[in-house]
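Working notes, structure below.
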C-alpha cells in the first residue's frame, strides 16, 4: 500500500522518532497550558477545606455557601498564615512559597524540634480561630486535613478531612459531614490540661460521649485519623500551651 | 458503508459481543470503579472517548505503522489519550478527578483498548473503527453501570450519590425518596462492607455472565 518499505529498520526508527516528537511535544504543550488552571483548582480545594473546618457549617449549607467566589474573598480577607517552630514561636509572618508542608512532615532526617509548622488564623470581628494542618496515613494511602480550634486553643471549632485512596463507602466516609460533626465543640484537653481525645473504633464510644465514634468497617482509617490528631498535639504542644 | 453494518458495530458489543462479559477484557477496572453509579458513569464516558479515538487514530495510521513495533505504537496512542483525559479532568472537573484518582490512569492498562486496536482497528477503515470503539466503550460502560447500581444500592443504600439526582434510600442519612425511618425498618442500615468493596463485583459479574449465557447458549465456550 504505502510507498515505503514499512518493515525496514530505517523506517521503523524514523517512525518512532517522529511519533515521540509529536506525542511528547503536544502533551508538554497541553500540560503547561492547563497547569495554571490545575494549580488554581488545587489552591481553591485547599482553601475550601480550611474554611470548611473554620465555619463548621450544617450539612445542607456546605455545598451552597462554599462557592468559588465566597471561598476566595473570605479566605483572602479573614485568613492569615504564619509559620511557627516547635517552641511555638512565630518564625515567618507568612508562609513562603518554598515551604512544602508534606515534605517538611515526611522529612525523617530532622526531628520535630527542628521543623516549622503552619498556623492559620481566622479573624472575624472579635472571633478568632486557629487552624492546624494535619497529615497522616490511612489504610491505603495518605490522609490529611485541617483542625480548627477556638481561641481557647482547646475546643474544636471544626475539622475537614481529605484522603488519597481510602475505600469508597468505608474509609472514604471520613470526608462526610456525618462523621466530622462529632468533633465539633469537643475539647482536646481535660481539666488538668492533659491531651485527652480519642477517635474510638466504631461502636466503642464510651457512654459519656467524650471522643469520636470511628468509621464503621474502617478501623485502620479511624486509627489513622486518631494518630493524625495526636500528631497535631505533639508538633504544636508548645504553641497550644502558650 | 451500509447502515446495518454501522448499527451492528454499535449494538453488538452491548450484548452478544460484550467486551467484559463475553470477551472478558477490562475486568480489573470493572471490579474497581463500579462502587458507585457516578464513578461508573464517568469511567464509562472516559473509556468510550479513549477507545473511540484510539481506534480512529490507529486505523488512520494502520498502513504506516511498522508491524514490528505496532504494539508500542498502540500503547503510545492509548497513553497519550488517557493522559489528555486525565489532564482535562484535573483542569475542568477537579473534584471528579480526585475521586477517580488512579483509575483514570489505569485506563491505559485496560485490555479492551489493546484488544480492539489489535482485533479491529488495524484491519478496518477509520469510520467503522471509530464506531467499534464507541460500541465497545458503551458495552463496557453498560456493565459498569449495572454493577454500580447493584453495589451502590445494597452497599451504601443510595443511588447516584454525588450528583444532583442523588438519592439515599436506607439508614438515618435517608433524606430523599422513600424514608423508611417512618415505618420503623431499615433504621439500623449500616454500609455493607462486602458490597462496598471491589470483591462483590466478582460475584455480580459472575452472575451477570451466567444469566447472559443461559439466555444465549451460543455464547458458551466462545471465550
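The values are calculated or read from the model by the stated rules, or taken from the named source; none is laboratory data. This structure is a prediction, so every number in the text was calculated from the model and none was measured. Quick reminder, even Gly has a Cβ in these numbers, built from the backbone with ideal geometry, and neighbours come from all protein chains shown.
Just checking, how many residues over segment A:139-165 are facing chain B (nearest Cβ under 10 Å) and either closer than 20 Å to residue A:236 by Cβ or surrounded by 21 or more Cβ atoms within 10 Å (Cβ to Cβ) (or both)?
2
Within the group A:66, A:57, which residue is in contact with a strand residue (DSSP E or B) (Cβ under 9 Å, 6 or more places away or on another chain) and at pLDDT below 90?
Just one listed residue meets the conditions, A:57.
If a residue has to be surrounded by fewer than 20 Cβ atoms within 10 Å (Cβ to Cβ) and closer than 21 Å to residue B:98 by Cα to count, how many in segment B:68-84 make the cut?
Qualifying residue count for the region: 3.
Is one or more of the residues making up segment A:26-36 under 21 Å from residue A:101 (Cα atoms), in contact with a helix residue (DSSP H, G or I) (Cβ under 6 Å, 6 or more places away or on another chain), within 13 Å of another protein chain (Cβ to nearest Cβ) and assigned to a helix (DSSP H, G or I)?
No.
Checking residue A:19 against (1) away from chain B (no Cβ under 14 Å); (2) in contact with a helix residue (DSSP H, G or I) (Cβ under 9 Å, 6 or more places away or on another chain), which test does it fail?
(1)
Against the definition (farther than 26 Å from residue B:200 by Cβ, at pLDDT 90 or above and surrounded by fewer than 20 Cβ atoms within 10 Å (Cβ to Cβ)), how does residue A:135 come out, yes or no?
yes
Can you pull out the residues in segment B:43-64 that are over 18 Å from residue B:127 (Cα atoms) and either within 13 Å of another protein chain (Cβ to nearest Cβ) or more than 11 Å from the chain's Cα centre (by Cα) (or both)?
Within segment B:43-64, B:43 is the sole residue that qualifies.
Mind listing whichever residues of segment B:203-223 are loosely packed, with under 12 Cβ neighbours inside 10 Å and touching a helix residue (DSSP H, G or I) at 6+ places or on another chain (Cβ under 8 Å)?
Hit for segment B:203-223 is B:220, nothing else.
Testing residue A:21 on (1) more than 24 Å from residue A:118 (Cα to Cα); (2) part of a loop (DSSP other than H, G, I, E, B), one condition comes back false. Which one is that?
(2)
Consider residue B:6 against the criteria (1) touching a residue at least 40 places away in the same chain (Cβ under 8 Å); (2) at the interface with chain A (Cβ under 10 Å from one of its Cβ atoms); (3) surrounded by fewer than 18 Cβ atoms within 10 Å (Cβ to Cβ): it satisfies all of them except one. Which criterion is unmet?
(2)
Quick grid of which residues meet (1) within 14 Å of chain A (Cβ to nearest Cβ); (2) out of contact with any strand residue (DSSP E or B) (no Cβ under 9 Å at 6 or more places or on another chain); (3) modelled with pLDDT under 85:
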residue	(1), (2), (3)
B:85	yes, yes, no
B:100	yes, yes, yes
B:103	yes, yes, yes
B:112	no, yes, no
B:131	no, yes, no
B:155	yes, yes, yes
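Looking at (1) touching a helix residue (DSSP H, G or I) at 6+ places or on another chain (Cβ under 7 Å); (2) surrounded by 15 or more Cβ atoms within 10 Å (Cβ to Cβ); (3) free of Cβ contacts under 8 Å to residues at least 40 places away in the same chain, find the lone condition where residue A:52 falls short.
Just one mismatch for residue A:52, condition (3).
With respect to residue B:72, is the statement that it is in contact with a helix residue (DSSP H, G or I) (Cβ under 9 Å, 6 or more places away or on another chain) and either free of Cβ contacts under 8 Å to residues at least 24 places away in the same chain or away from every other protein chain (no Cβ under 13 Å) (or both) true?
For residue B:72, the condition - in contact with a helix residue (DSSP H, G or I) (Cβ under 9 Å, 6 or more places away or on another chain) and either free of Cβ contacts under 8 Å to residues at least 24 places away in the same chain or away from every other protein chain (no Cβ under 13 Å) (or both) - is met.
In segment B:20-28, is there at least one residue being away from chain A (no Cβ under 14 Å) and on the phi > 0 side of the Ramachandran plot?
Looking for residues that are away from chain A (no Cβ under 14 Å) and on the phi > 0 side of the Ramachandran plot, one finds at least one in segment B:20-28, hence yes.
I need a count of the residues in segment B:47-67 that are surrounded by fewer than 18 Cβ atoms within 10 Å (Cβ to Cβ), assigned to a helix (DSSP H, G or I) and out of contact with any helix residue (DSSP H, G or I) (no Cβ under 6 Å at 6 or more places or on another chain).
1
I need a count of the residues in segment B:96-113 that are farther than 12 Å from residue B:42 by Cα, free of Cβ contacts under 8 Å to residues at least 24 places away in the same chain and either surrounded by 18 or more Cβ atoms within 10 Å (Cβ to Cβ) or touching a helix residue (DSSP H, G or I) at 6+ places or on another chain (Cβ under 8 Å) (or both).
Count: 2.
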